[in-house]
1. If a residue must be within 30 Å of Glu204 (Cβ to Cβ), within 18 Å of the chain's Cα centre (by Cα) and either crowded, with 19+ Cβ neighbours inside 10 Å or within 16 Å of the ligand (Cβ to nearest atom) (or both), how many such residues does segment 294-332 contain?
2. Can you find even one residue in segment 180-195 that is crowded, with 16+ Cβ neighbours inside 10 Å, closer than 29 Å to Glu311 by Cβ and either of a type in the set (Gly, Ala, Ser) or out of contact with any Asp or Glu (no Cβ under 8 Å at 6 or more places or on another chain) (or both)?
3. Go through (1) touching a strand residue (DSSP E or B) at 6+ places or on another chain (Cβ under 7 Å); (2) in a helix (DSSP H, G or I) one by one and return the number of the condition Leu194 breaks.
4. Give the residue that is farthest from the ligand (Cβ to nearest atom), with candidates limited to residues of segment 99-126 that are of a type in the set (D, E, K, R) and in a loop (DSSP other than H, G, I, E, B).
5. Test of understanding: among Gly335, Gly339, Gly354, which residue is touching a Leu at 6+ places or on another chain (Cβ under 7 Å), within 16 Å of the ligand (Cβ to nearest atom) and within 24 Å of Arg182 (Cα to Cα)?
6. What about Gly96, is it touching a residue at least 60 places away in the same chain (Cβ under 8 Å), more than 16 Å from the chain's Cα centre (by Cα) and within 16 Å of the ligand (Cβ to nearest atom)?
7. Pick from segment 67-93 the residues that are more than 13 Å from the ligand (Cβ to nearest atom), assigned to a strand (DSSP E or B) and closer than 23 Å to Leu56 by Cα: which of them is farthest from the chain's Cα centre (by Cα)?
8. Glu138 - would you say it is in a loop (DSSP other than H, G, I, E, B) and buried (at least 24 other Cβ atoms within 10 Å of the Cβ)?
Amino acid sequence: MTNPLSARQILDQLVSFPTVSRDTNLPLVDWVEGYLASQGITAHRHWNEDRTKAGLFAHAGPLVPGGVILSGHTDVVPVDGQAWTSDPWVVTERDGRLYGRGTCDMKGFDALAIWALAEAHRRGLRRPLQIALSYDEEIGCMGAPPLIAALQSEYPKAALAIIGEPSRMKAVNGHKGGAGYRVHLRGFEVHSSLLPQGVSAIMEAARLIMWANDRNAENAAKPASAVAALFDPPFTTLHTGMISGGTAHNITAADCRYVMEFRVVPGEAPEDWCQAFEAEVAALRSAMQAVRPEADVVLERFFDVPPLVPEADGEAEALVRRLTGDNATHVVSYGTEAGHFQAAGISSLVCGPGDIAQAHQADEYLEIAEFQAGQAFMEKLLADLA
Ligand SMILES: [Zn+2]
């Protein structure tokens, strides 16, 4: 066994790997796996389909149920086009802050979790501690469900999960869920003077977008449920942020591509919204094909985040409140992997160092005071589990 590293030294290593979601995270995973092995801990990988990325999970303490999972993602958003004062892949300390891509979102927490696991193994625990480090969080949380399944098949089931997204170490017990589609409509080209003989992919897409507008108006007019009222806006929203298609003003468009996203309040299921949308698409497809059998609508689901529903007497919330002394109720508007853990039957809460306002920015930073608060939290957690 080699000497353990400090959380800060681990952070330096993690940030040095440019684990942008579109690229591999394997060099980081190799390093973490090697470091944990040097501390006597065997980690396990969960590979993606083409083995270009892996999630990593590990366990310390007795092989019994009822443990605590510390969950983080290893991927970060790109730095393309951003003006950075210092190298984004080197942790640079200035003005009481640690600058670097991912310091806030969320390699700061990852470093603390890895540090805590090594300490847990060294000190010995009464109640187990596990870590789960995922990939592809920033592009739709698609890496979490298989990682959670792999973790649960390898080790006794944990009681609760703490998802360390930046919350300034506040206990966040609710967030909206989400789902997203890439939509590709295939029309049929004719001269626009012969409009009824063709299918304009753009004009058909407009019907689906108008359906979304109508749902927004309907949702806004409905009275908000108690849990929905915690959010701003207090209802589910549907949004199209990108669209392209067509080749000329006088040709019915052969293609139109756009994206549709759903931000779903707890108490409603993203799956229900997806079904409603897909039914709408199926009806539109039939109408388009009645004009031209070649016409079609192709859907690709590209993100899927269940809402985090505030739990009545949740175990995760009780533990974090005990450790942080934070007794206020907080919800956030961003999605996290907490919804996936909760959907897998694990009490879940978001609590991590840093402010979400710094995430994804040029000159992303984590305040040193926040990192220290995170470390103090881990110390208390270790004492609680010992
Ligand atoms: Zn994040």
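1. Of the residues in segment 294-332, 3 are within 30 Å of Glu204 (Cβ to Cβ), within 18 Å of the chain's Cα centre (by Cα) and either crowded, with 19+ Cβ neighbours inside 10 Å or within 16 Å of the ligand (Cβ to nearest atom) (or both).
2. Yes: segment 180-195 contains one or more residues that are crowded, with 16+ Cβ neighbours inside 10 Å, closer than 29 Å to Glu311 by Cβ and either of a type in the set (Gly, Ala, Ser) or out of contact with any Asp or Glu (no Cβ under 8 Å at 6 or more places or on another chain) (or both).
3. Going through (1) touching a strand residue (DSSP E or B) at 6+ places or on another chain (Cβ under 7 Å); (2) in a helix (DSSP H, G or I) one by one, Leu194 breaks only (1).
4. At the first step, the residues of segment 99-126 found to be of a type in the set (D, E, K, R) are 101, 105, 107, 110, 119, 122-123, 126.
Next cut, in a loop (DSSP other than H, G, I, E, B) only: 101, 126.
Working: Arg101: 12, Arg126: 31 Å.
The selected residue is Arg126.
5. Values: Gly335 fails: touching a Leu at 6+ places or on another chain (Cβ under 7 Å); Gly354 fails: within 24 Å of Arg182 (Cα to Cα).
On inspection, the qualifying residue turns out to be Gly339.
6. Taking the combined requirement at face value, the residue does not satisfy it.
7. Only one residue tops the list, namely Val68.
8. On the way: in a loop (DSSP other than H, G, I, E, B): yes; buried (at least 24 other Cβ atoms within 10 Å of the Cβ): no.
Spelling it out, it is not the case that Glu138 is in a loop (DSSP other than H, G, I, E, B) and buried (at least 24 other Cβ atoms within 10 Å of the Cβ).
The values are calculated or read from the model by the stated rules, or taken from the named source; none is laboratory data. On a predicted model such as this, the values are computed, not experimentally measured, just so you know. Neighbour counts run over all protein chains shown; Cβ positions are idealised from the backbone, glycine included.
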